[in-house]
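Accompanying notes for the structure given below.
The values are calculated or read from the model by the stated rules, or taken from the named source; none is laboratory data. Quick caveat: nothing in here was measured; it's all calculated off a predicted structure. Methodologically, a virtual Cβ is constructed for each residue, glycine included, from the backbone with ideal geometry; neighbour enumeration extends over all protein chains shown. Heads up: the accessible areas ignore ligands, DNA and RNA and are worked out on the full protein's heavy atoms, side chains in. Shrake-Rupley method; radii C 1.70, N 1.55, O 1.52, S 1.80 Å.
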Amino acid sequence: MKVVTAQTGHEALASLEESDDVAMVLMDIMMPEMDGYQTIQLIRKQPRFRRLPIVALTAKAMKGDREKCLEAGSSDYLAKPVNTEQLLNTLRLWLHR
């Protein structure tokens, strides 16, 4: 498995454009310049990424955050600090679809 990281939403979009073999995106919601919500929405506007699993990660686990992430276009949602077993289960779920 190859892991590609990005510090900002703009970097994430550029990384997706450069790669043909991205199987999943773990999207931090609280990023500088462009937050995860905006980044997810821009990813989803591209037809080739409409079915790409995107799991939103946020430390801001407030009531309604899960729904906000899903409305933005994420496939799933995990609150930080991320439970390792929960992360692995989520990866298995979305990678086997």
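Just the number please: accessible area per residue for the chain, 1.4 Å probe, all protein chains included, in Å².
66 Å²
Express in nm, to one decimal, how much length is gained between residue 61 and residue 85 on full extension, taking 0.36 nm for each residue of separation and deducting their alpha carbon distance.
That works out to 6.8 nm of additional length.
Per residue of the range 13-18, what does 6.51 cos²θ - 1.76 cosθ + 1.60 with θ = phi - 60° give for ³J(HN,Hα)? Whole Hz please, x for Gly and Pro, Karplus curve as stated.
Couplings: 4, 5, 4, 5, 5, 7 Hz.
Given labels modelled 7 Å from the Cα in the Cβ direction, how far is it in nm from residue 38 to residue 7?
For residue 38 paired with residue 7, the spin-label model returns 1.7 nm.
Per residue Cα convex hull volume for the chain, in cubic angstrom?
In the chain, the Cα convex hull volume per residue is 100 Å³.
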